[in-house]
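See structure below.
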Amino acid sequence: MRKILDLARLAISSPKFGDGSSDRSGDAHEFPADLTVGGLDDPPPSASVDTLVGLHRWSIGCFEGHVLTTGLRSTEEQVTGYPATLACFELDRLVTRTAFEYVEVDIRDVSRLSNSKSPIVSIPDLDLLGSRFCKEEGFSLDLERIRTCLLHYEVRITTPWRKGTDYLCAMAWADAPLVLVNDGGSHHFAAARYIAGELSERVALRGNVHAAALSRSAVADLHESWAAFVLPDDELGWRAVRAVGAMGAVAGVTDMPRPFDALLLLVRRDGSPGARRAQAALEDAGASSFRTLTDRWLDQQGAQRGLAHELLGL
């Protein structure tokens, strides 16, 4: 069962939430007039995981058999100072995953990583990360360098005998559908991938692949149970979060997955006056509907064909 932190217990001692006061009146809870977020239709290119792996990660707890929080925080902490949780079954079921062992792909098919010591969110693609690292290290662009890079102890997708949990994630709805979910080794992997491209050389990767697909019924259930909005991750966005909590709506907030620099706010559609007020205020302020994104991803999932479709028989 997915747990989310109830917005009614949001701890406002954090700098994002103000000075720690629990006062529910005055400017702190005045609703912003404009909550529009730019770039949702065309997010910036990034070598890091984008929205798609973020959604996929919401279902990891269910897949691995234990409960994780989604990071949704609650406004009830304003009153009690203690966190509380709500069940969010809809997020649990949003993405389905199936694991396949020892699937072979070309290294150039991998276009995103999940972790790096470098700020890869701001790096537009893996070739740039790889070329920079080759230049910094003085790497020769040859097959032997590809081999040594992939044998680096942190590149665990090619050294499964080492401790690690690296795997590939193929997502049926993604623009860049194959991601290496890695513990480390980003620079050596990107270098090997870059050199393979420069040499026009196919380099086979054999590893575990988790094929992921959006569930159309679960997406519909999510939007039937929650009014979901994308807010700016700035003072205006957090003022709106506090205001929604002050209205008494059952709601939760978390970061949008990379590369979006924004917040995701869910308001429970329970028919209460607080929920109706919160939803109306968010719509009046121009907050973007999360449904627009999920509908687009479902359309992409139906229109394209990739490794996830092949493995899952979609």
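May I ask you to list the residues in segment 140-155 that are closer than 12 Å to Y194 by Cα and β-branched (V, I, T)? Selection gives I146 alone.
Within segment 183-210, the set of residues being buried (at least 24 other Cβ atoms within 10 Å of the Cβ), touching a strand residue (DSSP E or B) at 6+ places or on another chain (Cβ under 8 Å) and not hydroxyl-bearing (S, T, Y) comprises F189, A190.
Remark: R276 falls outside the filter, which requires a residue to be among the charged types (D, E, K, R) and either under 20 Å from the mean Cα position of the chain (by Cα) or within 30 Å of I107 (Cβ to Cβ) (or both). Is it the case that segment 178-199 has a residue that's modelled with pLDDT under 90, more than 30 Å from R269 (Cα to Cα) and of a type in the set (D, E, K, R)? Within segment 178-199, one or more residues are modelled with pLDDT under 90, more than 30 Å from R269 (Cα to Cα) and of a type in the set (D, E, K, R). Of all residues in segment 134-146, those satisfying the criterion of being in a helix (DSSP H, G or I) and either crowded, with 20+ Cβ neighbours inside 10 Å or touching a residue at least 60 places away in the same chain (Cβ under 8 Å) (or both) are C134, I146. Of all residues in segment 211-255, those satisfying the criterion of being surrounded by fewer than 21 Cβ atoms within 10 Å (Cβ to Cβ) and under 14 Å from the mean Cα position of the chain (by Cα) are T254, D255. Take P83 and decide whether it is modelled with pLDDT under 70 and either closer than 27 Å to H309 by Cα or in the same structural domain as A246 (by TED's automatic domain parsing) (or both). Taking the combined requirement at face value, the residue satisfies it. Summed over segment 152-165, the residues that are more than 17 Å from V110 (Cβ to Cβ) and either modelled with pLDDT of 90 or more or part of a helix (DSSP H, G or I) (or both) give a count of 0.
Just to verify a result, which residue in segment 183-210, among those that are part of a strand (DSSP E or B) and within 22 Å of the chain's Cα centre (by Cα), is farthest from R291 (Cα to Cα)?
Within segment 183-210, the subset part of a strand (DSSP E or B) is 204-210.
Within this subset, residues satisfying the condition of being within 22 Å of the chain's Cα centre (by Cα) are 208-210.
On the way: N208: 31, V209: 28, H210: 25 Å.
Among those that are part of a strand (DSSP E or B) and within 22 Å of the chain's Cα centre (by Cα), it is N208.
Taking the conditions exactly as written (of a type in the set (V, I, T), out of contact with any Lys or Arg (no Cβ under 8 Å at 6 or more places or on another chain) and over 30 Å from L94 (Cβ atoms)), does V181 satisfy them or not? Against the criterion (of a type in the set (V, I, T), out of contact with any Lys or Arg (no Cβ under 8 Å at 6 or more places or on another chain) and over 30 Å from L94 (Cβ atoms)), V181 does not qualify.
Scanning segment 110-133 for residues that are surrounded by 13 or more Cβ atoms within 10 Å (Cβ to Cβ), not aliphatic (A, V, I, L, M) and not in a helix (DSSP H, G or I) yields S111, R112, S114, N115, S116, S118, P124, D125.
Looking at E198, E235, can you tell me which residue is free of Cβ contacts under 8 Å to residues at least 60 places away in the same chain and either among the aromatic types (F, W, Y) or assigned by TED's automatic domain parsing to the domain that holds L293 (or both)?
Values: E198 fails: either among the aromatic types (F, W, Y) or assigned by TED's automatic domain parsing to the domain that holds L293 (or both).
Just a single option satisfies the conditions, and that option is E235.
Which of (1) surrounded by fewer than 20 Cβ atoms within 10 Å (Cβ to Cβ); (2) under 19 Å from the mean Cα position of the chain (by Cα); (3) in contact (Cβ under 8 Å) with a residue 60 or more places away in the chain is the odd one out, the single condition R296 does not satisfy? Only one criterion in (1) surrounded by fewer than 20 Cβ atoms within 10 Å (Cβ to Cβ); (2) under 19 Å from the mean Cα position of the chain (by Cα); (3) in contact (Cβ under 8 Å) with a residue 60 or more places away in the chain is unmet by R296, namely (3).
The values are calculated or read from the model by the stated rules, or taken from the named source; none is laboratory data. Note that the structure is predicted; figures quoted are calculated from it, not measured. FYI the Cβ positions are ideal-geometry reconstructions off the backbone, even for glycines, and counts take in every protein chain you see.
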